[in-house]
Amino acid sequence: MTSPGSALQSETMVLRGGKPLEGEVALRGAKNALPKIMVAALLTHEKCVLRNVARILDVSITAELIHALGGEVREAEPGVLEICAANLRPMERSVLRDFSGRSRIPILTCGPLLARLGTAPVPSLGGCRIGSRPVDFHLRALQDLGAVLHEEAHDAHLTATRLLGNKIRLDYPSVGATEQVILSAVLAEGVTELSNAAVEPEIMDLIMVLQKMGAIISVDVDRVIKILGVRELRGFDHEAIPDRLEAASWACAAVATHGRIFVRHAQQAPMMTFLNRLRQIGGDFRVTSEGIEFWRAGERLRSTALETDVYPGFSTDYQQPFVIALTQADGVSIVHETVYEDRFGYVDALRRMGAQIQLYRECLGSLHCRFGQRNYRHSAVIVGPTPLHGADIEIPDLRAGFSYLIAALAAEGESRISNTRLIERGYEDITGKLRALGAQLL
Ligand code: EPU
C-alpha cells in the first residue's frame, strides 16, 4: 500500500482566508473504523476484502503493522484492500517500538495475536496528544479474559492458551477498550458479557464485519454487548461506513466561513446529535439520498451550551471544529469536554487569531465528569462573534489541525499552519478538497 504522504507536498500550509468555502467533497470509509476492521482480518487465515478505504495515515500505519506480523495487505484497486493473515508471526520488539508513538492501533492486535499465536506484546502507544490516554481498561479486560501479563523492565507481553469468556464492566465506555474486548472475545471459549460498553457507529461497523466472519455478537439494552465465542472465523468482504466525523468537520467549515458544502455520502442517522446542535446555532442542512448539504441559515449564528459525551452524545471529535463556528456566534457559548481531560490545548492559537475563549477547571455543565475538581482545564467559555485574523500556528493534534484550517479560512489575511501531516491521520487529500472548495492555498 502506498503512503498517503505524497498527497500533501509539505508539512506547512499557507492559506488566505475571508472567502466562503463552496462546492462538494466526498467521504470515504471512517478513520475510526478502517484500522480496526483491518485488525479483524488478523483473526482468520482467509482472505479479507475491505472497500471504501480512505488514503489516510492511520490506514498505512495499520497496513505496515500487518506486514510486520507476517500478513499481506494489497491495494487491489483504488480504495479496495485485500488482506491476508494466513501466516502470522510474532513481531520483533524493535519493530514494535517503531510503531510506538505513531498510533493507538497496535494495542488492538492483542486479542487476535493471543488467539492465533498464544502471545502478544503490549505496545506503548501514540495517537493524538489530547490527554493521558492510558490502556489500563484494555489490559484489565484481557486479564479478565484469562490472559497473563508478564512485565519486565522494558518489555510487557501477554500470554494465553485460549481466552475464556467472562463478565466485564468498563469503568468508562471507552471505544478502544470495547473494541479490545470484542476482538478478543470472538475466539474465546464461552460467553463474554461487556457492560458499560461504547456503542459508536464505528464499533457497530466492526461488529458487522465480525458477524460476516462468523462471530455471534449481540448489542443489548443499556450498552451491554454479548459475545458468544466461536472456534474459528472466516474471511469478509466489507464496505466501511462513511466518516461522520469528517462530514461534521466540513459542516463546521461551511457554517464558519459562510459557505455551502455538499458532503457526498454523509449519512443522517449517525450524525443526528450533531445535526440538531448545528441547527440550534443557526446552521442548516439538506439531507438527500446522496449526502448532506450544509450552510448557514441566516446572517448570524447563535451561541449554545453543550457537553461532549460518548455516542449517541455529542462526540468529542466534533468539539474542535464546532468551537471555530462558535467563535462566530452571537453571545456566550459553553463547551464542557467530558471525554478527554486535555482537548482544549488548541485554543491558545485561536486566541492569537482573535478568538475570545477562556478555559476553566470546573465542570460547566450537568454531566458527571471524571475531570471535575481536578487540575484539568476542560470547560471552555467562548464569547462571539469575534473577527479572526491570520496567524502562524502549529497543529497539536488531528481535529485541532482541521479546526485551524477552518479558523484560517474564516479569518482575514494569511495564516501559516505547520505540522499539517497530523491532518493526514484522518483526512484524505485535504489539499485537493480545500482547493475544490475554493480555498486560497498559497
Ligand atoms: N481511557 C482510560 N483507560 C483506557 C482507555 C481509555 O482511562 O484503557 C480513557 C481515555 O483516556 C479517555 C476516555 O477513556 O479519557 C475515552 O477514550 P477511548 O478509549 O474511548 O478513546 P480511543 O479508543 O483511544 C477513539 C478514537 C478517538 C475518539 C475516542 C472517543 C480511534 C482510533 N480513536 O479513541 O478519535 O476521540 O475514541 O470517541 O478510534 C479522533 O478521531 O480525532 C480521535 C481522537
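Taken together, the values in this text are just the output of simple stated rules run on the coordinates, not laboratory data. If you're wondering where the values come from, they're calculated on a predicted model, not measured in any experiment. Neighbour counts are summed over all protein chains in view; Cβ atoms, including those assigned to glycine, are modelled from backbone coordinates with ideal geometry.
Suppose we flag trypsin sites (Lys or Arg not before Pro) only when DSSP calls them loop and at most 11 other Cβ atoms lie within 10 Å. Which is the longest uninterrupted stretch of the chain?
Working: sites that count: 231, 374.
That gives 1-230 as the longest site-free run.
Could you list 360, 172 in order of exposure, starting from the residue whose Cβ has the fewest other Cβ atoms within 10 Å? Each step should come with its number before you reach the end.
On the way: 360 15, 172 12.
The most exposed by this proxy come first: 172, 360.
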Per-residue ³J(HN,Hα) for region 193-199, Karplus 6.51 cos²θ - 1.76 cosθ + 1.60, θ = phi - 60°, Hz, x for Gly and Pro: 10, 9, 10, 6, 7, 7, 10
Check: the chain dipole with +1 on Lys, Arg Cβ and -1 on Asp, Glu Cβ, in debye: 340 debye
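How much FRET efficiency would the formula 1/(1 + (r/R0)^6) give for residue 97 and residue 211, where r is the Cβ-Cβ distance and R0 is 41 Å, rounded to 0.05?
On the way: r = 35 Å, r/R0 = 0.85.
Taking R0 as 41 Å, the efficiency between residue 97 and residue 211 is 0.75.
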Full-extension gain in nm, residue 80 to residue 154, via 0.36 nm per residue minus C-alpha separation: 22.9 nm
For region 313-442, the spread of Cα positions along each principal axis, largest first, Å: 45, 30, 23
Distance in nm between pseudo-label sites at residue 264 and residue 280 (7 Å out along the Cβ direction from Cα): 3.3 nm
Per-residue Cβ neighbour rank within 10 angstrom, fewest leading, 265, 67, 157: 67, 265, 157
Scattering curve values for the chain, log₁₀ I(q)/I(0), Debye with Cα scatterers, q = 0.09 Å⁻¹: -0.56
Hypothetical label at residue 362: residues of region 376-407 whose amide nitrogen lies under 18 Å (7 Å Cα-Cβ projection): 376-383
Rel. contact order, % - alpha carbon contacts under 8 angstrom, at least six apart, the chain: 21 percent
Interchain or long-range residues, amide H under 5 Å from residue 165's placed H: 189, 190, 191
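Got a sec? How would 347, 191, 59 order by Cβ neighbour count within 10 Å, fewest to most?
On the way: 347 21, 191 14, 59 27.
Ascending Cβ contact count within 10 Å gives the list 191, 347, 59.
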Between region 42-103 and region 377-401, the Cα center-to-center distance that results, in Å: 35 Å
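Among the listed pairs 47/226; 36/167; 226/433, give every one whose C-alpha distance is greater than 31 Å. Mind dumping the intermediate values first?
Values: 47/226 26 Å; 36/167 23 Å; 226/433 41 Å.
From 47/226; 36/167; 226/433, over 31 Å: 226/433.
Which shape class, rounded, prolate or oblate, goes with region 34-239 when its Cα gyration tensor gives a ≥ b ≥ c as root eigenvalues, a/c under 1.5 marks rounded, and past that a/b bigger than b/c marks prolate? Could the numbers behind the result be given before it?
Values: a/c = 1.31, a/b = 1.09, b/c = 1.20.
Judged from the Cα gyration tensor, region 34-239 comes out rounded (a/c under 1.5).
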Unit charges at the beta carbon, dipole of the chain: most positive-side option, 318, 101, 123: 318
Extension gain (nm, one decimal) between residue 305 and residue 231, 0.36 nm per residue minus Cα-Cα: 21.7 nm
Computed Rg/Rh of region 105-193, alpha carbon atoms with Kirkwood Rh: 0.95
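Per-residue ellipticity at 222 nm for the chain, helices alone: DSSP H runs ≥ 4 residues times -39500 (n - 2.57), over residue total, nearest 500 deg cm²/dmol? Please list the in-between numbers first.
Numbers: 13 runs with 126 residues, N = 442.
Taken over the chain, the calculation gives -8500 deg cm²/dmol.
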